[in-house]
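Bear in mind these aren't lab numbers, they're just calculated from the coordinates by the rules spelled out. None of these values were measured; they are calculated from a predicted model. So basically every Cβ, Gly included, is an ideal-geometry build from the backbone, and we count neighbours across all protein chains shown.
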Amino acid sequence: MFDFSDDFVKESGKGMYSLMEQLYPICRSITGNGVRETLKILSKTVPLETKEIPTGTAVFDWTIPKEWNISDAYIKDPKGKKIVDFKNSNLHVLGYSIPVHKKFKLSELKKHLFTLPDYPDSIPYLTSYYREKWGFCLTHNQFDRLEDGEYEVHIDSSLTDGSLTFGEYVIKGKTDDEVLISCYVCHPSMCNDSISGVVLATWLAKLLTKHKNKLHYTYRFLFIPETIGAITWLSLNEKNVHRIKHGLILTCVGDSGGFTYKKSRAGNNMIDLAAQKVLTDSGDKHRILEFDPFVGSDERQYCSPGFNLPVGSMMRTTYPDFSEYHTSKDDLDFVTAKGLGGSFEQYLMIINILENDRTYINLNPKCEPQLGKRGLYDVMGSQKNHEEFHKALFWALNFSDGSHSLLDISIRSSLKFDVVKSAADALCKAGLMRIK
Amino acid sequence: MFDFSDDFVKESGKGMYSLMEQLYPICRSITGNGVRETLKILSKTVPLETKEIPTGTAVFDWTIPKEWNISDAYIKDPKGKKIVDFKNSNLHVLGYSIPVHKKFKLSELKKHLFTLPDYPDSIPYLTSYYREKWGFCLTHNQFDRLEDGEYEVHIDSSLTDGSLTFGEYVIKGKTDDEVLISCYVCHPSMCNDSISGVVLATWLAKLLTKHKNKLHYTYRFLFIPETIGAITWLSLNEKNVHRIKHGLILTCVGDSGGFTYKKSRAGNNMIDLAAQKVLTDSGDKHRILEFDPFVGSDERQYCSPGFNLPVGSMMRTTYPDFSEYHTSKDDLDFVTAKGLGGSFEQYLMIINILENDRTYINLNPKCEPQLGKRGLYDVMGSQKNHEEFHKALFWALNFSDGSHSLLDISIRSSLKFDVVKSAADALCKAGLMRIK
Amino acid sequence: MFDFSDDFVKESGKGMYSLMEQLYPICRSITGNGVRETLKILSKTVPLETKEIPTGTAVFDWTIPKEWNISDAYIKDPKGKKIVDFKNSNLHVLGYSIPVHKKFKLSELKKHLFTLPDYPDSIPYLTSYYREKWGFCLTHNQFDRLEDGEYEVHIDSSLTDGSLTFGEYVIKGKTDDEVLISCYVCHPSMCNDSISGVVLATWLAKLLTKHKNKLHYTYRFLFIPETIGAITWLSLNEKNVHRIKHGLILTCVGDSGGFTYKKSRAGNNMIDLAAQKVLTDSGDKHRILEFDPFVGSDERQYCSPGFNLPVGSMMRTTYPDFSEYHTSKDDLDFVTAKGLGGSFEQYLMIINILENDRTYINLNPKCEPQLGKRGLYDVMGSQKNHEEFHKALFWALNFSDGSHSLLDISIRSSLKFDVVKSAADALCKAGLMRIK
């Protein structure tokens, strides 16, 4: 279905990396102008719709929080020198910090400072969305250099009634059945966690838009703040979520590690089989994780028991497993164009399976049909003719009994999905099979 | 539920060992005064009821045999010296030996002598309940020293109409559903096989009696002769065995080996899952055995196809796997207070699961509830906060969909049962879950 | 059921080898006099019926082809010397070659020559049944020696309306339920592939004929050309194939390799369990292959989705895994009497299970029956009496609950099938069990 030698695919890594460079500096949070700016940049590539949900709106057990914006923040040392500056890294400010401008003794200040002693030159990423606080995150090396005295603290932020902002983009396919592609736009300057998924979703949206006349499924792209955004979207769209037949959470797709697939809650949905088949066929080392309702991203909401949607997540190195996770080291060096490009291809292969998997009926189920007279088989039968396509003809015929889809057959035969699909196409053309 | 730091639990090993020292010297069999004396000693700890079933009573395919008692037995050598003496070890006499007082040539005598050539200093334990015989068991070293000549044989036993004796003790819980705790009181002086299970059952009865107002299940303790006792009890109680929801056979629980769990016939009863979960959580090396209708104790009767009760057996080293088995070497040195105490804790952990496993319903099944506002979750969400309790909150919520009990959830999450139970309690208190 | 110490069994390898020596020189194909000659030889041992199906008959998607016969063929080099001669090996001629008598330049001739460069002294076996061609197969060494010049080519063959010939032999058992024993008689001089299966089928037919009054199943032996023969037979017998309860394809049973069992399409038919049990009990290294609709013999037809018959295949080294496969090296040296004899025994053990597997009902399902009083058990119960027969008594009783057959019980207990069968017989005799 997709031409992997096409320039768009071949250049996808560079394109996504370039988009990531634009998104990286923005200070995002679960609300505020950072999200709006991000969506505005994405909308140059994909005509997404931006939605604003007012502060105070009830969404299931939650309430849309106040909107947070920030323009500046710093700590000045006793000599008046800025030693921690929001302008250097937006991770320096505890997310959702309330405004403050005051002097503190070092001992008092320290109650508001957060570091990672085990990674002394990394700034940690921390937030306090639902309890009003202020704080600064800094490297442990910076922290160790602090001397006694009085420090001037300044956070020019606002926490006011406003709205939660998210982006949504839908490509209508031949059916109302949907594939959900969900990523999150609430993390400030970190690349692999969050932004890599955002640029990958954008690139998928761009490519699928080109194919929109041929798509079987309707594709729904969500660019939302994590957790509260997924809860908000589910709350607003409760009546239509039954249309979601397959879904993926996009994050941690830009590093150089091997792939990891985290299964949906049920664990045996078609998206799980398709993702695992792609990994198996790659021949590369990979990991399969069972669904986990604690360690995870928005699948925790999509797979909550009241929804139990078939949503998995294809990643490279998973979120808690890289030391750069949730620190300033998850930067433009940690993610590569090659890493992004490889992930793009992996996702296309999954979508290819979703789009093409069908169950067929063998119209000549009693004994093998004579393939030779239809030009489908080399009649010099005794040669050791084990080409994959020929194998696939026999597998497709034998198991197209109405109970096995092409994906099932490709898994059982260890043949690549595309080969089985080609065989099914040839057999349909020859009048030997039809779609169930 | 149980306080493992409580003195009763901590001192249990010593207490059981001391009780075992009292029981060890008694010459027990499947009937007779040895059983009565044993039950009398136990009744000082547990107010069990002693039952007597008359000789000749039909119990399924069997008949209660004659009662056997013995007061003395010996072999005198040609010089009149007692070379084998029942007073030294009650294993010296073949169980159920008929009375005899007569002189025999060595060659004749040898037909009645039993030894273990492979373990030349062990006296074997042998019986002939259902074919009238007499005989002596001795060490192979003793046997090798026998010289030609005439030997005087004396067995002062009786085999008369009487009864089969067993003990029963019931602790009534909140429901009529029962947990069966079965051990056997028919073995003479052997510690691990038989007596270790008897003292453990007694200690469990003692502790559960203290908790009787809180127990969900009714606990039924059986102190019976092996095989014929189980058959007798089942025959007398056929109408009520459907109440038995879980059961365990207690034996071989006093040695120093790792634990072995033998599954019930069905293999996937809750008792099987609970026992295996306790073993997995221990982190210690252990063995799981499939049900075996040949090698076993009274589960052979409880799990006969006409009953098929959910009865397993948690042991340390299993019966045929220690060389001391069914010999005089299964003595007070082979069993230790520490071994008994560890087994006691293991059983308490299983009972803890049985008592507390319930299926809950998540009352807020659509998306995660906001745990932070209920004080259940540290709102600094980005810290690597992976404490077990927090994990358990999310697992309990996600899988409390009516199909998964706490035990199921603890198995799937690899979290300890108690942690999942605590999380469920906290969630119920917060109004987020209820028992199904 | 079968006496493995019987002379017929012990001498079976030699007998089959001797029959193979007679069959080896004949030039067989999917039609023609070679098949008739083969069946005539077999009919001296087994009174099989020979059937002729006319050219042009429609059989499902196929048509019976013209009949092919050949009397001579050679290539003469420029000096007039016969350098390739059908009389030396019938593999030299491409199967179904049309007649030709003409001179060719070497370059032209080469388009009709086939070799195996990787096995330079082997003649390959090739055919062109459904596209009219002529050709010669020769060793790559022969091919390399060919010098420029004009070659005389002669193939004295005929391709005319005639018939497809096959043999069928049925032994009527007590029931109409059938066991299908299918082998193929279409290969020219190759021993392991094809002929080994033919002689094994013949020997099984001979032995089962002797036992015919005791057989539970009806045994149907097919001696057919591969593929087109199976299709033909299925087409002619479509209404009765439902009688086939178990089936085996016999081929590759004469080499010295370990056993390989290829499962039926469903994979869990009784024939699959029986074959695997025989392999497990042997203690020998073996392989189990899943059903494969591409690499295979006539199970590809019997297991086509419109039939899905319970047909597997017990082989030694499987067809594509030995380098002699489909070459002149698959000769009388590659196959041994010992290899054939061992396969014969393996098949008898499978048939033994099929014939004797029944589900029994324990008539005393509540607790164990008292085996001692029925002479079935040594009452000296405490001896470590672990003989297999005694074990089997307990396993048979416990699992004869109407849901487990003797085969199921023997698999679950790891006891040999015959031991479990003997136990069941003894228990029936004692009135403790009956056939369901």
Specify the inter-centroid distance of the range B:243-288 and the range A:78-116, based on alpha-carbon positions, in whole Å.
-> 56
How big is the Kirkwood radius of the range A:285-419, worked out from every pair of different alpha carbons and given in Å to one decimal?
-> 19.0
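Where a ≥ b ≥ c are the square roots of the eigenvalues of the C-alpha gyration tensor, would you call the range C:83-239 rounded, which needs a/c under 1.5, or, failing that, prolate if a/b is larger than b/c, or oblate? Intermediate values should be presented prior to the final figure.
Values: a/c = 3.82, a/b = 2.43, b/c = 1.57.
Prolate, because a/c is 1.5 or more and a/b exceeds b/c.
In percent, how large is the relative contact order of chain A, given Cα pairs closer than 8 Å and 6 or more residues apart?
Relative CO of chain A lands at 17 percent.
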Nm distances between the label at C:Lys110 and the same-position labels in the remaining copies, 7 Å along Cα→Cβ, shortest first?
-> 8.9, 8.9
In chain A, which residue puts its Cβ closest to the axis that turns chain A onto chain C, and how many whole Å away is it?
-> A:Asn268, 11
Hand me the trypsin sites (Lys or Arg not before Pro) from the range A:264-312 located in a DSSP loop with no more than 13 other Cβ atoms within 10 Å, in residue order please.
-> A:Lys285
Rounded to whole Hz and in sequence order, give me ³J(HN,Hα) for the range C:203-219 from the Karplus expression 6.51 cos²θ - 1.76 cosθ + 1.60, θ = phi - 60°, writing x for Gly and Pro.
-> 5, 5, 4, 5, 5, 5, 4, 4, 9, 4, 6, 9, 6, 6, 8, 8, 9
Karplus ³J(HN,Hα) for the range B:336-347 (6.51 cos²θ - 1.76 cosθ + 1.60, θ = phi - 60°; Hz, whole; x = Gly/Pro) runs 10, 4, 5, x, 5, x, x, 5, 4, 5, 4, 5
With DSSP loop assignment and no more than 13 other C-beta atoms within 10 Å, the trypsin sites (Lys or Arg not before Pro) in the range A:79-133 are A:Lys79, A:Lys81, A:Lys87, A:Arg131
What fraction of the Cα pairs in the range C:359-435, stated in percent, has a spacing above 15 angstrom?
-> 49
Restricted to chain B, the DSSP antiparallel beta bridge percent, nearest 5, is 65
³J(HN,Hα) across the range A:314-321 via Karplus (A = 6.51, B = -1.76, C = 1.60, θ = phi - 60°), whole Hz, x for Gly/Pro?
-> 9, 10, 8, 6, 6, 3, x, 9
Note the per residue figure in Å³ for the convex hull of the C-alpha positions in the range C:67-160.
-> 89
What share of Cα pairs, in percent, lie more than 13 angstrom apart in the range A:31-80?
-> 71
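Using the C-alpha gyration tensor of chain B, what are the square roots of 5 times its eigenvalues, in whole angstrom, with the largest one first?
Rounded to whole Å, the semi-axes are 50, 22, 17.
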Mind checking the angle between helix C:388-399 and chain C's longest principal axis? C-alpha axes, 0 to 90 degrees, to the nearest 10.
-> 80
Cα-Cα longer than 20 Å, checked against B:Lys263/C:Lys263; B:Lys373/B:Lys429; B:Lys79/B:Lys102; A:Lys82/A:Lys103, kept in input order, equals B:Lys263/C:Lys263
What's the angle, to the nearest 10 degrees (0 to 90), between helix B:12-23's Cα axis and the longest principal axis of chain B?
-> 20
Using a Förster distance of 25 angstrom, determine the FRET efficiency expected from the C-beta separation of A:Leu106 and A:Asn141, and round it to 0.05.
-> 0.95
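Using DSSP to call loops (not H, G, I, E or B), can you name the GluC sites (Glu not before Pro) in the range A:1-70 whose Cβ has at most 11 other Cβ atoms within 10 angstrom?
Values: sites: A:Glu11, A:Glu21, A:Glu37, A:Glu49, A:Glu52, A:Glu67; in loops: A:Glu11.
When the GluC sites (Glu not before Pro) of the range A:1-70 are filtered for loop state and at most 11 Cβ neighbours within 10 Å, nothing remains.
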Spin-label model distance (nm) - A:Arg243 vs A:Arg412, 7 Å beyond Cα toward Cβ = 3.4
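In percent, what relative contact order does the range C:359-435 have, based on Cα pairs under 8 Å that are 6 or more apart in sequence?
Computed over the range C:359-435, the figure is 48 percent.
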The range C:67-160, relative contact order in percent, only Cα pairs under 8 angstrom and at least six apart counted = 45
Exam field: C:Glu152 pseudo-label spacings to other copies (7 Å along Cα-Cβ), nanometres | 11.5, 11.5
How many times 2.2 N^0.38 Å is the alpha carbon radius of gyration of the range A:74-129?
-> 1.15
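Run lengths n ≥ 4 of DSSP H only: what is the helix-derived mean residue ellipticity at 222 nm for the protein assembly as shown, with -39500 (n - 2.57) per run over all residues, to the nearest 500?
Working: 39 runs with 392 residues, N = 1308.
Taken over the protein assembly as shown, the calculation gives -9000 deg cm²/dmol.
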Search the structure for amide H atoms under 5 Å from the amide H of B:Cys367, placed 1.01 Å from N in the peptide plane, and list their residues when 5 or more places away or on another chain.
-> A:Ser304, A:Gly306, A:Phe307
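What FRET efficiency would be calculated for the residue pair B:Asn88, B:Thr209, taking the C-beta separation as r and a Förster radius of 30 Å, to the nearest 0.05? Each step should come with its number before you reach the end.
On the way: r = 38 Å, r/R0 = 1.26.
With R0 = 30 Å, the Cβ-Cβ based efficiency is 0.20.
Quote the Stokes-Einstein diffusion coefficient, in whole µm² s⁻¹, for the range A:167-250, based on the Kirkwood radius over alpha carbon pairs, a temperature of 20 °C and a viscosity of 1.002 mPa s. Before the final figure, lay out the partial values.
Numbers: Rh = 13.2 Å.
My calculation gives 163 µm²/s for D.
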If the label for A:Lys212 sits 7 angstrom from Cα along the Cα-to-Cβ line, what are its distances to the same label in every other copy, in nm to one decimal, shortest first?
-> 7.6, 7.6
By average Cβ neighbour count within 10 Å, what is the ranking of A:415-424, B:232-241 from highest down?
-> A:415-424, B:232-241
Shape category assigned to the protein assembly as shown from the gyration tensor of Cα positions, a/c cut at 1.5 | oblate
Taking placed amide H atoms and a strict 5 Å upper bound, the residues 5 or more places from C:His246 or on another chain that come that close are C:Glu178, C:Leu180
